[in-house]
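The values are calculated or read from the model by the stated rules, or taken from the named source; none is laboratory data. These figures come from a predicted structure and were not determined experimentally. Quick reminder, even Gly has a Cβ in these numbers, built from the backbone with ideal geometry, and neighbours come from all protein chains shown. For accessibility, only protein heavy atoms count, side chains too; no ligands or nucleic acids. Shrake-Rupley method; radii C 1.70, N 1.55, O 1.52, S 1.80 Å.
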Amino acid sequence: MEYLHTMVRVSNLEQSLDFFCNKFGLVEVRRIDNEKGRFTLVFLAASGDVEKAKDTKAPLLELTYNWDESEYAGGRNFGHLAYRVDDIYESCRKLMDAGVTINRPPRDGNMAFIKTPDNISIELLQRGEPKPVQEPWASMPNTGTW
């Protein structure tokens, strides 16, 4: 398993970038503007992690700016932790066997979400290319929120 990123939602992207980059010293390494989804993702790395982050896309802080939302209450600004796993299906099976709910099953062979006992979301991402779609994951519904 490999730690990838922590995602936080921000209400003002420019103000957040000023804080994280200009004041705190992180470096922007990647940006995704999604017109259809109406959001911007900005990935930041610590200065000592910039080259690694550009190469491996980890370890990063992901700022998520949803264009139509301006305020987050009740901790909604914190998104999730993300980890890359060698086998998404095996990882989810082991978690299920240990009594962990798979909130968003890996229907696409690539991504799943679980939650900690304190309801912190964790995203699991398949290392490399997505695995071929297979059951029981392909038809498994979401459970709760993630």
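One table, with the values for the structure above:
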quantity: Per-selection Kirkwood Rh - the stretch 63-146 (Cα, Å, 1 d.p.); calculated: 13.7
quantity: Calculated Rg and Dmax of the stretch 1-53 using C-alpha coordinates, Å; calculated: 11.9, 34
quantity: Net charge of Cβ neighbours under 12 Å - reference Lys131; Lys, Arg +1; Asp, Glu -1; calculated: -3
quantity: FRET efficiency, 1/(1 + (r/R0)^6) with R0 35 Å, evaluated for Val133 and Ser47 via beta carbons; calculated: 0.30
quantity: Calculated P(r) of the chain - Cα pairs past 22 Å, %; calculated: 46
quantity: The stretch 44-83: trypsin sites (Lys or Arg not before Pro) in DSSP coil with no more than 13 other Cβ atoms inside 10 Å; calculated: Arg76
quantity: Loop chymotrypsin sites (Phe, Trp or Tyr not before Pro), the stretch 1-68, which have at most 15 other Cβ atoms in a 10 Å radius of their Cβ (DSSP); calculated: Phe24, Trp67
quantity: Simple label model, 7 Å out from Cα along Cβ direction - Glu35 to Glu71, nm; calculated: 3.1
quantity: Pairs of lysine residues in the chain - Cα separation under 23 Å, sequence separation of 8 or more or cross-chain; calculated: 8
quantity: In degrees, nearest ten, helix 88-97 long axis to first principal axis of the chain (Cα); calculated: 70
quantity: Inter-centroid distance (Cα atoms) of the stretch 1-70 relative to the stretch 86-146, Å; calculated: 24
quantity: Accessible carbon and sulfur surface of the chain relative to its total accessible area, %, 1.4 Å; calculated: 50
quantity: GluC sites (Glu not before Pro) within the stretch 22-95, DSSP loop, no more than 10 other Cβ atoms inside 10 Å; calculated: Glu35, Glu71
quantity: Probe 1.4 Å, protein heavy atoms only - accessible area per residue of the chain in square angstrom; calculated: 58
